[in-house]
Every structure is written in C-alpha cells, then in structure tokens.
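Before we start, here is the structure in question, set down as structure tokens.
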Amino acid sequence: MSDQAFLDRLGRRVTLHEVDDGNWRAVADVAPLDEQRAYVAALAARYLLLSIHEEPWRSLAVCADGAVVGHVMWGRDEEGAHWIGGLMVDRAEQGRGVGRALLRALLARLAAQPDCRVIRLSYQLDNVAARELYESTGFVRTRSVEDAEELGEEEIVAELTAEAARRAAAAERPGTDAAGPGAGRQP
C-alpha cells in the first residue's frame with residue numbers, strides 16, 4: 001500500500017510503502033552518511049529486524065518515484081502514543097528534501113488513524129539536523145535540553161498532537177504553494 005505523495009526538492013514523489021518481498025533487500029541496504037552513524041544504525045537492516053522481532057515497530061520503505069531511498073518505522077505504545085523511529089535517508093539521497101517529505105507523509109498516515117492523539121519521537125541531544133527538521137514540522141520538546149542534560153539523558157523526546165500533524169502534513173501537500181522543488185530544508 002502506498003500513501004499520499006509529498007515532493008522532494010527534485011520534484012520526485014516521495015511515498016511510504018509496506019516492506020515486502022519486492023523491496024526488503026533495497027530497504028535493508030539503506031545506509032546513512034558516515035557522520036550520521038553516531039545517531040542511526042549503519043544499515044536499515046537493523047531496523048527491519050527490530051520491526052520483525054520487537055512489537056510494536058512497523059517498518060516502511062521510503063520511495064522517491066518508486067525507488068527505495070530510505071526507511072522509517074512507527075509503533076504505538078501502551079499509552080496510545082504513536083512513535084516514529086529508525087528514520088533514515090540513504091547517503092546518496094541526502095540534501096534532496098527526502099527526509100522532510102517522508103516525515104510529512106508519515107505524519108499524514110499516522111494522524112489519519114482514528115486512535116491517534118499524539119505522535120512522539122526521540123533524538124540525540126547533539127543531533128542538530130534532526131532537531132531542526134522535527135521542530136520545523138511542529139514537534140515540541142517534552143523537556144528542555146538543559147533539563148535532559150542535568151538528568152544525564154542523551155536523548156530528548158518531542159511530540160506533536162494528531163491535529164498539529166494533520167496541519168503540518170497538509171501544509172506541504174502536492175499542489176500547494178509550499179510543496180515541490182525547493183520546498184523545505186533537508187538536513
């Protein structure tokens with residue numbers, strides 16, 4: 001199943017698809033830039049295994065005009081919050097707006113679920129690119145960086161209400177002024 005498309009900076013249609021027999025190898029081979037390995041796994045294969053062996057994670061293939069260019073997973077916790085994890089854009093696709101487009105597509109998908117009230121994610125305190133991307137789509141930190149550091153935490157949790165996620169996704173849909181080549185900034 002494919003979701004609605006969001007355009008990257010090159011004008012390609014970025015969509016999310018279930019991982020299946022036809023795309024799992026390409027998803028498993030997705031690899032970040034070397035400098036991003038402090039924040040994500042060296043290969044998306046690790047996240048695929050997590051989604052197979054650990055509830056509640058579900059992996060999705062990220063495609064640009066049909067070609068696999070990334071991976072993202074989502075899950076729902078015991079409290080009913082939807083979580084985003086394992087967001088990874090292949091190193092060859094960096095800087096093209098794929099991350100922003102995939103995030104908006106996933107927000108639209110999750111916010112459309114009738115039981116979705118809040119969407120959360122976490123990122124490492126020193127991952128400035130991730131923080132800027134998430135904050136630009138409306139995610140709000142649940143505690144300050146200073147508080148997290150004081151508590152000895154290495155990650156920060158940010159959240160977005162389902163209503164805010166619907167607004168964020170709608171803000172850059174194909175056919176609106178904000179979508180298309182040059183829309184948004186990709187870390």
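The values are calculated or read from the model by the stated rules, or taken from the named source; none is laboratory data. This is a predicted model, so every value here is computed, not measured. Backbone-built Cβ (ideal geometry, glycine too); neighbour counts: all protein chains shown. Note: accessible area is taken over every heavy atom of the protein model, side chains too, but ligands, DNA and RNA are not part of it. Shrake-Rupley method; radii C 1.70, N 1.55, O 1.52, S 1.80 Å.
Just checking, how many residues over the stretch 82-108 are open to solvent by less than 30 Å² (accessible area, probe 1.4 Å), basic (Lys, Arg) and out of contact with any Gly (no Cβ under 8 Å at 6 or more places or on another chain)?
Residues that pass the stated criteria total 1.
For Leu110, only one of the following conditions fails: (1) modelled with pLDDT of 95 or more; (2) touching an Asp or Glu at 6+ places or on another chain (Cβ under 9 Å). What is its number?
The number of the failed condition is (2).
Quick one: is Leu121 closer than 20 Å to Gln36 by Cβ and among the hydrophobic types (A, V, I, L, M, F, W, C)? Before you say what the answer is, go through the steps one by one.
Details: closer than 20 Å to Gln36 by Cβ: yes; among the hydrophobic types (A, V, I, L, M, F, W, C): yes.
When the stated conditions are applied, Leu121 passes them.
Quick one: count up the residues across the stretch 25-44 that are under 13 Å from Cys63 (Cα atoms) and part of a loop (DSSP other than H, G, I, E, B).
Qualifying residue count, the stretch 25-44: 1.
Shifting gears a bit: Kindly indicate the residue of the stretch 39-48 that is at pLDDT below 85 and over 15 Å from the mean Cα position of the chain (by Cα) and also surrounded by the most Cβ atoms within 10 Å (Cβ to Cβ) among those meeting that condition.
Applying the filter and picking the extreme gives Leu43.
Failed condition for Glu78, given (1) open to solvent by 20 Å² or more (accessible area, probe 1.4 Å); (2) under 26 Å from Thr142 (Cα atoms); (3) under 16 Å from the mean Cα position of the chain (by Cα), with all others met?
Unmet condition: (3).
Check Gly11 against each of (1) at pLDDT 95 or above; (2) part of a loop (DSSP other than H, G, I, E, B); (3) open to solvent by 60 Å² or more (accessible area, probe 1.4 Å) and name the one condition it does not meet.
Evaluating Gly11 over (1) at pLDDT 95 or above; (2) part of a loop (DSSP other than H, G, I, E, B); (3) open to solvent by 60 Å² or more (accessible area, probe 1.4 Å) leaves (3) as the failure.
How about the stretch 155-170: which of its residues are exposed (fewer than 14 other Cβ atoms within 10 Å of the Cβ) and either modelled with pLDDT of 95 or more or touching a strand residue (DSSP E or B) at 6+ places or on another chain (Cβ under 6 Å) (or both)?
Glu155
Would you mind listing the helices (runs of 4 or more DSSP H) fully within the stretch 51-151 where at least 2 residues are in contact (Cβ under 8 Å) with a residue 40 or more places away in the chain and over 19 Å from Ala162 (Cα atoms)? Step through it out loud before you land on a result.
Values: elements: 98-111, 128-136, 145-150.
Where helices (runs of 4 or more DSSP H) fall fully within the stretch 51-151 and carry at least 2 residues being in contact (Cβ under 8 Å) with a residue 40 or more places away in the chain and over 19 Å from Ala162 (Cα atoms), they are 98-111, 128-136.
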